[in-house]
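Asker: Below are the structure tokens for one structure; questions will follow.
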Amino acid sequence: MPLIGGRKAIAGSLIGGIANTEECIVFCQKHNIYPEIQVIEADKISWAFEQLLTCNKDGLRYVIDVAKSKLNKDFMPK
């Protein structure tokens, strides 16, 4: 119990810090390594979330086109 009683904490980072992240981004750019993405409008968020939960075995990422979504008058709140 020295961890709890001594008021100690354990911390970590899933990304390794800013410097490591920047190094990884530069490496990927240099070697033309990019994620697979599909650009969607905001009205497709529920669909994209369902895809992530049910069948995203290939690691596809969804990117929301905010500018285009704002033009969709049927979707935007009044």
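Asker: Could you tally up the Lys pairs in the chain with alpha carbons closer than 15 Å? Skip any pair fewer than 8 positions apart unless they're on separate chains. Before the final figure, lay out each step's value.
Answerer: Values: LYS44/LYS68; LYS44/LYS70; LYS44/LYS73; LYS70/LYS78.
Close lysine pairs under the 15 Å cut-off: 4.
Asker: Which Cα, out of VAL39, TYR62, ALA11, lies furthest along the positive dipole direction of segment 2-71 (beta carbon charges, K/R +1, D/E -1)?
Answerer: Of the listed residues, the answer is ALA11.
Asker: Please give the helix 45-54 orientation as an angle from the longest Cα principal axis of the chain, in degrees from 0 to 90, rounded to the nearest 10.
Answerer: Here the helix axis deviates by roughly 60 degrees.
Asker: Next up: Mean separation of Cα pairs under 8 Å and 6+ residues apart, divided by the residue count of the chain: what relative contact order is that in percent?
Answerer: Reported relative contact order: 27 percent.
Asker: Note the angle between two axes, namely the Cα long axis of helix 18-30 and the longest principal axis of the Cα atoms of the chain, as a number of degrees from 0 to 90, rounded to the nearest 10.
Answerer: 50
Computed from the coordinates by the stated procedures, all read-outs in this text should not be read as laboratory data. Note that this is a predicted model, so its numbers are computed, not measured. As a convention, Cβ positions derive from the backbone with ideal geometry for all residues, glycine included, and neighbour counts pool all protein chains shown.
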